[in-house]
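The values are calculated or read from the model by the stated rules, or taken from the named source; none is laboratory data. Quick caveat, the model's predicted, so the values are computed rather than measured. Please note: Cβ atoms are built from the backbone with ideal geometry, for glycine as well, and neighbour counts cover all protein chains shown.
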Amino acid sequence: MAQSAINVRPLSFVLIHKFLTIALALVAGTLSAKASTIIVPATGDLQAAINAAQYGDTIVLQAGAVYTASVVLPLKSGTGEIVIQSSRSSELPDGARVNPAQTTLFSKIQSMIPAEPVVKTVAGAHHYRFVGIEFSTSNASVVVYDLIRFGESRFTQTTLSSVPHHLVIDRCYIHGFDTQDVQRASDSRVEWTGTLSHHQQLPGRSRREHPVWRG
């Protein structure tokens, strides 16, 4: 009985390279397709935009607009980073310290709830970045202990997974008012945080600017 011969030729290097290039392009295209830009108008709901965002998304706030909110950064699954930035953040040079004279370039997030931070985290929140944001209360009569609070006390954060991490404040302006009672510009009880080229100003009866707690 005659046996049929099967001729198997090895794949060429060029063919393998072409296959891998196409596969990588498809993966990159899929990831890019998932990233969204969420534009929040001056009258928009910032907290709703943050809740809806996924890693890789950018939330754009209008420069000069005031967003009255006590923002909570939720815990999300996935990889990457969620960026919350001013619509004119590109006009703030990377690596150059910002100052109050650039206020028209900032989007303003203001809390009007006494003793509530402008921004705080839930347990384990991670990979958020603020760029070109001005943080303050709505007026000097609002008493606040921490304008930004990343993390909680060691009695609340009892496991490593509950500790927030990879939270970045980049080219932002954090300030109180001349007659305001503010204890801290930011209180960080986290595994990893970064502050890049930002400006903190706590006049009047302010206590401390930027304590960072570890452990």
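Tabulated data for the structure shown
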| item | result |
| --- | --- |
| Filter result (touching a Gly at 6+ places or on another chain (Cβ under 9 Å) and among the β-branched types (Val, Ile, Thr)) within the range 85-132 | 98, 103, 104, 121 |
| Residue count for the range 102-139, restricted to those that are among the aliphatic types (A, V, I, L, M) and farther than 23 Å from residue 76 by Cα | 4 |
| Residue count, the range 116-167 (criterion: modelled with pLDDT of 90 or more and on the phi > 0 side of the Ramachandran plot) | 4 |
| Some residue of the range 108-127 being farther than 25 Å from residue 165 by Cα and either among the polar types (S, T, N, Q) or crowded, with 23+ Cβ neighbours inside 10 Å (or both) | no |
| Residues satisfying the stated conditions in the range 97-142, i.e. in contact (Cβ under 8 Å) with a residue 24 or more places away in the chain and assigned to a helix (DSSP H, G or I) | 100, 102, 103, 104, 105 |
| Residue check for residue 70: within 22 Å of residue 36 (Cα to Cα) and either modelled with pLDDT of 95 or more or basic (Lys, Arg) (or both) | no |
| Qualifying residue in the range 84-100 (condition: touching a strand residue (DSSP E or B) at 6+ places or on another chain (Cβ under 9 Å), surrounded by 19 or more Cβ atoms within 10 Å (Cβ to Cβ) and modelled with pLDDT under 95) | yes |
